[in-house]
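First comes the structure, then the notes that go with it.
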Amino acid sequence: MTKHILINNKIENFNERIIVGPDKSISIRSILLASQAVGTSKISNLLESEDVINTLKAIKLLGINYKKYNKVYHIEGFGLNGFNIKKNITINAGNSGTLARLILGMLVKSKTKVRLIGDKSLSKRDFSRVIKPLKLFGVNIKSKNNCLPIEITGTNFLRPITYNENIGSAQVKSCIILSSLNTPGTTIINSKKSRNHTELMLKSFKYPIKIQKGKKFDKISVEGLRQFKAFKYNVPGDISSAAFFIVLTLLSRKSKMIIKNVNINPSRMGILTILNKMGAQIKIKNNYVYNGEKVGDIHVKSVKNLSSINCPSNLNSSAIDEFLIIFLVSAKAKGISKFRDLGEMNKKESKRLDLGIKFLKLIGIKVERNKDNIKIYGKPNLFLKDNFEMKNFLKDHRIFFLSCITALTLGGKWKIHDKDAINTSFPNFIKILKRIGAKIN
């Protein structure tokens, strides 16, 4: 089976309406919370990617049954700590840091030891950021070098904690929130701003969670041991998936696109703020609120003249998954774009900051780096003619997407390996590209 694609031509102008894949973050969270609810939850438009399928497999191992009827997933929950865990189970999180870190928070009361593993990429990622708070709850958790594999055994003597989350990691925050559901008393998290899907979902399910918003930090208070009922949830489109089509349109000639029903949660909107500061004219229409989440249609059109940006670091957490594609826009912008404090990019599926800089240099862009700060020297007339081959990027789906958008907007002849990387988050990516006119072999 062919594991690579070939792109030899830029995409021609287009005027399209598309629907991107469902939101991965919300898909994973909706499954995990359904497994803790009382009754049968019904989730429609669930993303059927590898990360999400691994989440379904995980709850199955924990004794939670699910079935799919007419494209709707029915998940039968038995309430908090309602797992029926057999001895010696191993949960494979695959490539998903979200699944791995969040599910640890749901195992804090497990009487049976559970082993958590992942793929080569995930096994290199830092888990000390969740191991530390879990130990404060009283959980028995073991790991070599703070990486996978991890063995966790819960306790009946959980204690509420007060924790300062200074990284701006939604995964850490969510792990603590999920741990606190099974813990008596009130757990308090002083959390640096990050995506807030877990809090919004629990709030929409009438769970007693309180959020006091500050300028840089939110104070989150969670009362433990309160059951919540099964729910219905229709997962909106993923802004991280939409980002690649937004940039495809921006950098193409005389093109327009409407991306329908996208999650436009303010904690995920950094990319739109950044691109509009650079001269894009991206608009959101038909917006509404669903289960606490904002949803709308994104309207974008080509822009001839893009400007560089001195990117405020307070936008980092709301654009952390999109910086690779933002770097591509900076490569075509007039002037020098500056980004600071991007170390968290190297804690993702691959060392994305390192690879992003390497990618920019590959296409002829000057980049200066000082620790986690970079300057990108834009070339508004950048046009590629050479042959390029992309491989050995740890099968990071976002590097694959970036390579495709670069080939389709800047030219050159591209051989892009690890086609299966798209299955992690956006299985229909290539199919949509072809539908709007991309020539991909």
| Got a sec? Which of Phe339, Phe359, Phe426 is of a type in the set (Phe, Trp, Tyr), more than 18 Å from Asn95 (Cα to Cα), within 25 Å of the chain's Cα centre (by Cα) and surrounded by 24 or more Cβ atoms within 10 Å (Cβ to Cβ)? | Phe339
| request: Residue by residue through segment 182-216, note down the ones that are more than 16 Å from Gly292 (Cβ to Cβ), among the basic types (Lys, Arg) and touching a residue at least 24 places away in the same chain (Cβ under 8 Å). | output: Lys192, Lys193, Lys216
| Counting just the residues of segment 288-319 that are in contact (Cβ under 8 Å) with a residue 60 or more places away in the chain and farther than 24 Å from Pro380 by Cβ, which one comes out surrounded by the fewest Cβ atoms within 10 Å (Cβ to Cβ)? | Asn314
| field | 3 or more residues not hydrophobic (A, V, I, L, M, F, W, C): qualifying helices (runs of 4 or more DSSP H) within segment 269-373 | value | 270-277, 352-362
| remark: Among the residues of segment 37-53, the number that are within 22 Å of the chain's Cα centre (by Cα) and outside any helix (DSSP H, G or I) is 7
| note | Result of the Cβ filter at 6 Å on segment 147-173, keeping first residues that are of a type in the set (Asp, Glu) and partners that are modelled with pLDDT of 95 or more and assigned to a helix (DSSP H, G or I), at least 6 apart or interchain, is Glu165/Val172; Glu165/Lys173
| said: Tally up the residues in segment 363-384 that are surrounded by fewer than 13 Cβ atoms within 10 Å (Cβ to Cβ) and in contact with a strand residue (DSSP E or B) (Cβ under 6 Å, 6 or more places away or on another chain), please. | reply: 2
| Candidates Leu328, Leu315, Leu324, Leu306 - the one that is in contact with a strand residue (DSSP E or B) (Cβ under 9 Å, 6 or more places away or on another chain) and of a type in the set (A, V, I, L, M, F, W, C) | Leu306
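From the list Asp386, Asp420, which residue is assigned to a helix (DSSP H, G or I), farther than 16 Å from Lys358 by Cα, in the same structural domain as Glu12 (by TED's automatic domain parsing) and among the acidic types (Asp, Glu)?
Details: Asp386 fails: assigned to a helix (DSSP H, G or I).
So the residue among Asp386, Asp420 that is assigned to a helix (DSSP H, G or I), farther than 16 Å from Lys358 by Cα, in the same structural domain as Glu12 (by TED's automatic domain parsing) and among the acidic types (Asp, Glu) is Asp420.
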| field | Scan of segment 149-180 for residues that are aliphatic (A, V, I, L, M) and buried (at least 21 other Cβ atoms within 10 Å of the Cβ), ordered by number | value | Ile150, Ile152, Leu158, Ala170, Val172, Ile176, Ile177, Leu178
| remark: Filtering segment 246-267 for residues that are closer than 14 Å to Asn286 by Cα and of a type in the set (A, V, I, L, M, F, W, C) leaves a count of 4
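Identify, from the list Ile11, Ile31, Ile5, Ile18, the residue that is within 11 Å of Tyr233 (Cα to Cα) and not hydroxyl-bearing (Ser, Thr, Tyr).
Details: Ile11 fails: within 11 Å of Tyr233 (Cα to Cα); Ile5 fails: within 11 Å of Tyr233 (Cα to Cα); Ile18 fails: within 11 Å of Tyr233 (Cα to Cα).
Step by step, each of Ile11, Ile31, Ile5, Ile18 is checked, and only Ile31 is within 11 Å of Tyr233 (Cα to Cα) and not hydroxyl-bearing (Ser, Thr, Tyr).
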| Say we look at segment 181-200 and pick out the residues that are of a type in the set (A, V, I, L, M, F, W, C) and closer than 12 Å to Ser221 by Cβ; which of these is surrounded by the most Cβ atoms within 10 Å (Cβ to Cβ)? | Ile189
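Being in a strand (DSSP E or B) and farther than 23 Å from Asn291 by Cα is the filter here, so list the residues in segment 226-257 that pass it.
Within segment 226-257, the first condition is being in a strand (DSSP E or B), and the residues that meet it are 229, 232-234, 237, 256-257.
Within segment 226-257, Lys256, Met257 qualify.
For segment 385-408: of the residues being basic (Lys, Arg) and under 30 Å from Pro427 (Cβ atoms), which is surrounded by the fewest Cβ atoms within 10 Å (Cβ to Cβ)? Steps first, please.
First, the residues of segment 385-408 that are basic (Lys, Arg): 385, 391, 395, 398.
After this cut, where a residue has to be under 30 Å from Pro427 (Cβ atoms) as well, the list is 391, 395, 398.
Working: Lys391: 12, Lys395: 23, Arg398: 27.
Across segment 385-408, the extreme among qualifying residues is Lys391.
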| request: Please name all residue pairs, on different chains or six or more residues apart, with Cβ atoms under 6 Å, provided the first residue is in segment 5-25 and is within 28 Å of Glu50 (Cα to Cα) and the second residue is of a type in the set (Phe, Trp, Tyr) and not in a helix (DSSP H, G or I). | output: Ile7/Trp414; Gly21/Phe426
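Within segment 9-24, does at least one residue satisfy the condition of being assigned to a strand (DSSP E or B), basic (Lys, Arg) and surrounded by 15 or more Cβ atoms within 10 Å (Cβ to Cβ)? Explain how you work it out, then say what you get.
Initial filter on segment 9-24 (assigned to a strand (DSSP E or B)): 15-18, 22.
Those still in the list that are basic (Lys, Arg) too: 17.
Those still in the list that are surrounded by 15 or more Cβ atoms within 10 Å (Cβ to Cβ) too: none.
Checked against the condition, which is being assigned to a strand (DSSP E or B), basic (Lys, Arg) and surrounded by 15 or more Cβ atoms within 10 Å (Cβ to Cβ), segment 9-24 yields no hits at all.
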| remark: Log entry, pairs with first residue in segment 266-278 being more than 16 Å from Leu324 (Cβ to Cβ), second being among the polar types (S, T, N, Q), beta carbons closer than 7 Å, six or more apart or on different chains, reads Ser267/Ser194; Ser267/Asn196; Ser267/Ser318; Met269/Ser318
| field | Members of segment 101-130 found to be surrounded by 21 or more Cβ atoms within 10 Å (Cβ to Cβ) and farther than 22 Å from Ser41 by Cβ, listed by number | value | Val114, Leu116, Gly118, Leu122, Phe127, Val130
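The values are calculated or read from the model by the stated rules, or taken from the named source; none is laboratory data. Keep in mind that what you see is a predicted model, and the values were worked out from it rather than measured. Note that each Cβ is placed from the backbone with ideal geometry, even for glycine, and that neighbours are counted across all protein chains shown.
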